[in-house]
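The values are calculated or read from the model by the stated rules, or taken from the named source; none is laboratory data. None of these values were measured; they are calculated from a predicted model. Every residue, glycine as well, gets a Cβ built from its backbone with ideal geometry; the counts of neighbours run over all protein chains shown.
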């Protein structure tokens, strides 16, 4: 038998590595909530204290733990990730409570109550680093912990407290809380709505209940909800359901902004991966498709069970996942189908310029595979100008129009349309009074019936025959 020896890691160095896994504040808190859901909590209260030092607390009314269960919960890697778990178990590695907490603070205290018995344990990273041993502390007194009295009044539950917080921006903590609220409202929206549960979950942040945010806007009549497709892989079944959000013309400015999310419509398109009703990752195409403005209304929901973690490469933070190679072909097929439909609200409007039943001010001129937008010089008003201008004046007009075409601010138009299309009021440039005044001047100049028919085909006068009848009074 070969020689063996135990080489313990330097605990202080190991702790620093453990703290840098990459949790953000809101992702770390979501990991704590996973444990509360697994413990069958129906209410979770989040409370923060800013002075004299920043303290974060999360209290649930779940089943709680015995002292033995608490010690196991505080143990790193307390679960085998390959073990089969219950339907509502959102954990996997047995690391979430610890790694999420250590990523934000140096002192983690957990107080829990079950069967009228209260247990408490603390990990103090500074103490551990100093002793170079994983000493789990049993505090003699926890009365100074915020919300401890609330836990004692409950039949059961668990209180998680972060102290010595050093990874959160305390100068703008209000903004961090707002980001947290939005993240939790999205990630746990099905639980907040009561999906697959007898009672809906309540999450209260600093005494303000969260409102669920369904990213697919399913209650709006203009949302297109495409039939779900079930696909089997490795003996398991996952469900894929595409949605096409309403065009901005069918939404109020407030609703349009809401469903753009903090990331905007471009970055919010793509797949939304749910594992047991909890969003893991969203706003991604996984390299299967490009982010395009024309597809910004497309969102595709995927539901998987918690026995598919290995296949999807789900990480400790539950914020990274990739589809197995075996289903990428199916996903590409679904992408192709839904993006074609999803681009119709834009391509349909874009095709208006090619509608031959209307005489447009602009036209698309093709050059082999290329094209450009050009002023329509067959427009009856343009031809009228041509007939009434001197050769010198008409030459200047042509030069001006070519300049207008050449320097059409396409980048600025695209940027403004992406950022806030509801604020673009292009048609307001030409008022109703100006249109009536133009028609009166045209009538005064003497018009043939043929010319009037040509004008009635233009964008200005389409369906406005009344302007050329009865002298337009």
- Message: Among the residues in segment 414-423, are any modelled with pLDDT under 85 and outside any helix (DSSP H, G or I)?
- Response: yes
- Output the residues belonging to segment 225-246 that are touching a strand residue (DSSP E or B) at 6+ places or on another chain (Cβ under 7 Å) and assigned to a strand (DSSP E or B). 225, 229, 230, 231, 237, 238, 239, 240, 241, 242, 243, 244
- Restrict the check to segment 279-288 and report whether at least one residue is on the phi < 0 side of the Ramachandran plot, surrounded by fewer than 19 Cβ atoms within 10 Å (Cβ to Cβ) and part of a helix (DSSP H, G or I). no
- Message: Can you go through 409, 421, 380 and tell me which one is outside the structural domain of residue 264 (by TED's automatic domain parsing), in contact (Cβ under 8 Å) with a residue 60 or more places away in the chain and either over 45 Å from the mean Cα position of the chain (by Cα) or more than 25 Å from residue 251 (Cα to Cα) (or both)?
- Response: 380
- Query: Under the condition of being in contact with a helix residue (DSSP H, G or I) (Cβ under 9 Å, 6 or more places away or on another chain) and part of a loop (DSSP other than H, G, I, E, B), which residue from segment 201-215 is nearest to residue 41 (Cα to Cα)?
  - Reply: 201
- Options 128, 168, 177, 145; residue that is within 14 Å of residue 54 (Cα to Cα) and touching a helix residue (DSSP H, G or I) at 6+ places or on another chain (Cβ under 7 Å): 168
- Of all the residues that make up segment 143-194, how many are in a helix (DSSP H, G or I) and within 28 Å of residue 126 (Cα to Cα)? 11
- Item | Tally, over segment 17-38, of residues that are surrounded by fewer than 16 Cβ atoms within 10 Å (Cβ to Cβ) and within 21 Å of residue 170 (Cβ to Cβ) | 2
- Got a number for residues in segment 121-150 being surrounded by 12 or more Cβ atoms within 10 Å (Cβ to Cβ) and over 22 Å from residue 102 (Cβ atoms)? 1
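Residues are listed down the side, and each one gets a yes or a no for (1) touching a strand residue (DSSP E or B) at 6+ places or on another chain (Cβ under 6 Å); (2) part of a strand (DSSP E or B); (3) free of Cβ contacts under 8 Å to residues at least 12 places away in the same chain:
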| site | (1), (2), (3) |
| --- | --- |
| 23 | no, no, no |
| 32 | yes, no, no |
| 45 | yes, yes, no |
| 48 | yes, yes, no |
| 51 | no, no, yes |
| 57 | yes, yes, no |
| 68 | no, no, yes |
- Of (1) at pLDDT 85 or above; (2) over 23 Å from residue 406 (Cβ atoms); (3) in contact with a strand residue (DSSP E or B) (Cβ under 7 Å, 6 or more places away or on another chain), residue 318 satisfies every one except (1)
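With respect to residue 446, is the statement that it is in a loop (DSSP other than H, G, I, E, B), out of contact with any helix residue (DSSP H, G or I) (no Cβ under 6 Å at 6 or more places or on another chain) and closer than 20 Å to residue 383 by Cα true?
Yes: the conditions hold for residue 446.
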- Can you name the residue in segment 460-473 that is surrounded by 10 or more Cβ atoms within 10 Å (Cβ to Cβ) and in contact with a helix residue (DSSP H, G or I) (Cβ under 9 Å, 6 or more places away or on another chain) and, of all such residues, is nearest to residue 360 (Cα to Cα)? 460
- Query: When segment 39-78 is examined, which residues are found to be within 25 Å of the chain's Cα centre (by Cα) and crowded, with 19+ Cβ neighbours inside 10 Å?
  - Reply: 44, 45, 46, 58
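Could you tell me whether residue 167 is surrounded by fewer than 19 Cβ atoms within 10 Å (Cβ to Cβ), modelled with pLDDT under 95 and within 20 Å of residue 44 (Cβ to Cβ)?
Against the criterion (surrounded by fewer than 19 Cβ atoms within 10 Å (Cβ to Cβ), modelled with pLDDT under 95 and within 20 Å of residue 44 (Cβ to Cβ)), residue 167 does not qualify.
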- Message: I'd like to check something: does segment 116-138 contain any residue that is closer than 30 Å to residue 307 by Cα, modelled with pLDDT of 90 or more and assigned by TED's automatic domain parsing to the domain that holds residue 32?
- Response: no
- How about segment 225-239: which of its residues are modelled with pLDDT of 90 or more and surrounded by 11 or more Cβ atoms within 10 Å (Cβ to Cβ)? 225, 226, 228, 229, 239
- Message: If I filter segment 179-202 for residues that are exposed (fewer than 14 other Cβ atoms within 10 Å of the Cβ) and touching a strand residue (DSSP E or B) at 6+ places or on another chain (Cβ under 7 Å), do I get at least one hit?
- Response: no
- Search segment 247-271 for residues that are assigned by TED's automatic domain parsing to the domain that holds residue 300 and assigned to a helix (DSSP H, G or I) and pair each with any residue that is surrounded by fewer than 19 Cβ atoms within 10 Å (Cβ to Cβ) and modelled with pLDDT under 90 when their beta-carbon atoms are under 6 Å apart and the residues are at least 6 apart or on different chains. 248/421; 248/422; 253/422; 256/422; 268/261
- Message: Can you tell me which condition residue 153 does not meet? The list is (1) closer than 30 Å to residue 8 by Cβ; (2) surrounded by fewer than 19 Cβ atoms within 10 Å (Cβ to Cβ); (3) out of contact with any helix residue (DSSP H, G or I) (no Cβ under 7 Å at 6 or more places or on another chain), and all the others hold.
- Response: (1)
- Query: Limited to segment 1-20, what total is found for residues that are part of a loop (DSSP other than H, G, I, E, B) and either touching a strand residue (DSSP E or B) at 6+ places or on another chain (Cβ under 7 Å) or at pLDDT 80 or above (or both)?
  - Reply: 5
